[in-house]
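So the structure is just underneath, and the comments pick up after that.
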Amino acid sequence: MDQSVFRITKELSDLQKDSDLSLAVACRDVDVRNVKAMIIGPHETPYEFGFFEFAFVFNKDYPRRSPQVQATTTNDGRTRFNPNIYANGKVCLSILGTWRGERGEQWSAAQGLESILLSIQSLMSMNPYENEPGFEDAKEAHDQKNQKDYIQKIRHETIRISVVHRLEEYLGINPDGTFAPTSVSGEIASLGSGESDMDILDEESSVPFEPFKDLCKRRFLWYYDSYLVAVEKGKSEVKDNQSFARMPFESLGNGMEGKFNYTELEKRLKVIKAALDTETEGWAAEGLQAKAQETTVAVNLQRQFEQVVEHFKRRDLAHSIELEDGNPFVWLVTYFGKPMTNLDGGLFRIRLCFSARFPEEQPRARFETKIFHHRIAADGTPCYFAPQNRREDVRTHLEAIIDALEEESPPYDPRTLVNPEAFKLFWGSADDRKMYNRRLRRSVQQSMEDF
């Protein structure tokens, strides 16, 4: 194997096995030199929970020479998201040789895909205005105003372009809020049709490569409430139809032009959320069709269900699992709260829905019983991570959900901020934590009455 290909393949594998919730990488199996990467914007920055995509092209001299990197979340070349990330996609970093740096900041073979992504992520700071050379120590009154104006418009465009535009495209939502017609029946039929490998390869080459589609949908459900919080903050700071302020380092064709319209963004976010909920519900009907056709996925899920039930029995676990209407694509889990914890005595129903395209599309879980928890969104969506190398194992998903629910002393991780109110209390002062525990206990007690 070519040494550069071996290095790239190893780096991709290491990143995909990592549990970092803010970085993702992917490539077609037949072309490891062309890699797509996604950075999810850091917490407490104007880029918070945005989806920013980059294209990497690795040459044959890699790692002696750095790869070429292009930002692709640019609103078709019209939006510059950062002083160092241009509207045309250029990423200015000394390690890429696209910007002059200090001695020792140039590329070396010890660096790689992850170090580049972390360097780009570091540009997405709380005050990106200071990234522009010469503006690092800008403290004048007009600089203070520019910094505030810059943060405001980046926050707006992060939601509008990196989140709303992307999800609307994935879901086939038109600008007027209507939906493009879709058909899943033929797709489900093809899953059990016994196509040859060559047919599948030809089909894959003609289909747009969108490796982060399912990831972005699931993360949208995680961060939906945070997007709404950002919208409310924006509404309190600016008025609809107010024009963006141009920064001193921006120019025509390489800036961020536009107007604020948080009222419209809020409506579009809610349409996307409703569409994702409808899509998830549609998986049940697709699943019954797949079950009738005895597709590979349907047979696999039925077998895994039986294995998990047996596993729970062997371990003498109180939790129970059943299929909704005998459908292997919809699992109903009854979780009994862990004794001697704040969950003790709780009784929670969790609905786990599977796509006919599992595991390419990962399952979507929802607590149907209300619970106040920093890892459970207000709508019941749990924030959990199943290892990439075991994403086809349903038991791993169930165990990850339970672990996230029961972990009493987790490390601080703002990437798991799916319930802003609960998260703030859990990680706040001692009094805040007491309030969090009281509200969690109340929801546990209420669960027994509601069940």
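Please treat every number below as a calculation from the coordinates, not as lab data. Values in this document were obtained by computation on a predicted structure and should not be read as measured data. Cβ atoms come from the backbone with ideal geometry, glycine included; neighbour counts cover every protein chain shown.
For the Cα atoms of the chain, what angle does the longest principal axis make with the long axis of helix 3-17, in degrees from 0 to 90, nearest 10? Relative to the chain, helix 3-17 is tipped by roughly 60 degrees. Computed from the alpha carbon positions, the gyration tensor of the stretch 97-152 leads to an equivalent ellipsoid with semi-axes of 28, 14, 7 Å, biggest first. Extent of the stretch 347-451 along its three principal axes (Cα atoms, max minus min coordinate, largest first): 45, 32, 18 Å. Summarised as an ellipsoid, the stretch 285-414 has semi-axes of 26, 16, 14 Å, derived from the eigenvalues of the Cα gyration tensor scaled by 5 and square-rooted, with the largest first. Hull volume per residue, based on the alpha-carbon atoms of the stretch 203-351 and their convex hull, is 229 Å³. Computed from the Cα positions only, the extents of the stretch 288-343 along the three principal axes stand at 46, 20, 14 Å, in decreasing order. Reported value for the stretch 1-50: 81 Å³ per residue, from the convex hull of its C-alpha atoms. Applying the Karplus relation 6.51 cos²θ - 1.76 cosθ + 1.60 with θ = phi - 60° to the stretch 229-236 yields 3J(HN,Hα) values of 5, 5, 5, 4, 4, x, 4, 6 Hz, where x marks Gly and Pro. Quick check on the stretch 28-113: take the gyration tensor over C-alpha atoms, sort the square-rooted eigenvalues as a ≥ b ≥ c, and tell me if it's rounded (a/c under 1.5), prolate or oblate. Cα axes put the stretch 28-113 in the oblate bin. Taking label positions 7 Å along the Cα-Cβ direction at both residue 338 and residue 446, the computed distance is 2.3 nm, reported to one decimal. By how many degrees, 0 to 90 and rounded to 10, does the Cα axis of helix 394-406 deviate from the longest principal axis of the chain? It is inclined by approximately 80 degrees. When both the stretch 280-316 and the stretch 405-429 are represented by their alpha-carbon centers, they are found 32 Å apart. The calculated pair-distance distribution of the stretch 73-180 uses every alpha carbon pair, bins of 10 angstrom beginning at 0, and gives 12, 36, 31, 16, 5, 0 percent.
With the simple model of a label 7 Å out from the Cα in the direction of the Cβ, residue 179 to residue 421 spans 2.9 nm. Using every pair of separate Cα atoms, the Kirkwood estimate puts the hydrodynamic radius of the stretch 389-451 at 13.6 angstrom.
Counting only residues at least eight positions apart within a chain, or on another chain, the lysines with an alpha carbon under 16 Å from that of residue 90 are 36.
Given the Cα-Cα distance of residue 100 and residue 242 and 0.36 nm per residue of separation, how much length would full extension add, in nm?
My answer for the length gained is 47.5 nm.
The label-point distance for residue 368 and residue 20, in a model that sets each label 7 Å from Cα toward Cβ, rounds to 3.9 nm. Please give the contour-minus-distance gain from residue 325 to residue 284: 0.36 nm per residue of separation, less the Cα-Cα distance, rounded to one decimal in nm. Net length gain for the segment: 13.8 nm. As a test of the formula, what do you get for the chain when each DSSP H run with n ≥ 4 contributes -39,500 (n - 2.57) and the sum is divided by the residue count, at 222 nm and rounded to the nearest 500 deg cm²/dmol? The helix contribution divided over the chain gives -13000 deg cm²/dmol. Under 18 Å Cα to Cα from residue 239, which aspartates and glutamates show up? Leave out anything in the same chain fewer than 8 places away. Counting by Cα, and skipping residues close in sequence, residue 239 has these aspartates and glutamates nearby: 149, 157, 257, 264, 266.
Take 314-325, 364-375, 89-100, 120-131 and order them by the average number of nearby Cβ atoms within 10 Å per residue, most first; the result is 364-375, 120-131, 89-100, 314-325. Pairs exceeding a 29 Å alpha-carbon distance, out of 259/424; 233/273; 213/313: 259/424; 213/313. Between the stretch 224-240 and the stretch 45-96, the alpha-carbon centres lie 27 Å apart.
When all alpha-carbon pairs of the stretch 54-102 are counted, what percent fall beyond 16 Å?
43 percent
Relative to its residue count, the stretch 227-300 spans a Cα convex hull of 168 Å³ per residue. Here the chain yields Rg over Rh of 0.98, to two decimals, using C-alpha coordinates and the Kirkwood radius.
Principal-axis analysis of the Cα atoms of the chain puts helix 113-123 at an angle of about 70° to the longest axis.
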